[in-house]
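Structure first, commentary second.
None of the figures in this text is laboratory data; all of them are computed from the coordinates on show. None of the values given here were measured: they were computed from a predicted structure. Methodologically, a virtual Cβ is constructed for each residue, glycine included, from the backbone with ideal geometry; neighbour enumeration extends over all protein chains shown.
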Amino acid sequence: MSQQQWLARLEAISREHPARVLRLRGTLPAGAASAEREPFELLIYRGFSSSTTHPTEIDPDRAVLPAGATLSGAELLAAPLNLAAEHLLAGPAAIETFLDPQRW
């Protein structure tokens, strides 16, 4: 399963769990000619994905993951998010873990 397919599946699962936010972490190429990578973070909540570290396309038909993105882990958080006092429910774990709706 590709990362885009993972995202579609995770977004679908998140619609059924409105009290949860899934945070995905990974990296992106730092630049077209650079071998360096920079951190990337994506939140999935109520069927939608949005990056907290990079611009997100407004068009729902366009990919949320930028080209070259590599996702490496996930954390399940209680919603709504409170940055001053996050409530971690599960993780960090492999993203595949949260493809099982019972893990939410």
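For a quick check: sort F40, F98, F48 by the number of other beta carbons within 10 angstrom, fewest at the front.
F48, F40, F98
Rounded if a/c is under 1.5, else prolate if a/b beats b/c, else oblate: with a ≥ b ≥ c from the C-alpha gyration tensor eigenvalues square-rooted, which is the chain?
Working: a/c = 1.67, a/b = 1.49, b/c = 1.12.
Cα axes put the chain in the prolate bin.
Please build a GNM for the chain, connecting alpha carbons under 10 Å apart, and tell me which residue among P92, P29, P55 fluctuates the most.
Comparing P92, P29, P55 in the GNM, the peak value goes to P55.
For the residue pair E16 and Q102, what label-to-label distance in nm results when each label sits 7 Å from Cα along the Cα-to-beta-carbon direction?
If labels sit at E16 and Q102, their model points lie 1.2 nm apart.
Taking amide H atoms as placed 1.01 Å from N in the peptide plane, list the residues 5 or more away in sequence, or in a different chain, whose amide H sits under 5 Å from that of R20.
A79
Starting from the Cα of E38, step 7 Å along the direction of its Cβ; do the same at M1; then give the gap between the two resulting points in nm.
3.0
Measure nothing but the geometry: give the 0 to 90° angle between the long axis through the Cα atoms of 3-15 and the longest principal axis through the Cα atoms of the chain, rounded to 10°.
Taking the Cα atoms of the chain, the angle to 3-15 is about 30 degrees.
Could you size up the charge dipole of segment 3-103 around its Cα centre, putting +1 on the beta carbon of Lys and Arg and -1 on that of Asp and Glu, and report it in debye to the nearest 20?
Charge dipole of segment 3-103: 180 debye, to the nearest 20.
Quick one: order S51, S72, S14 by neighbouring beta-carbon count within 10 Å, fewest to most.
Starting with the residue having the fewest Cβ neighbours, the order is S72, S51, S14.
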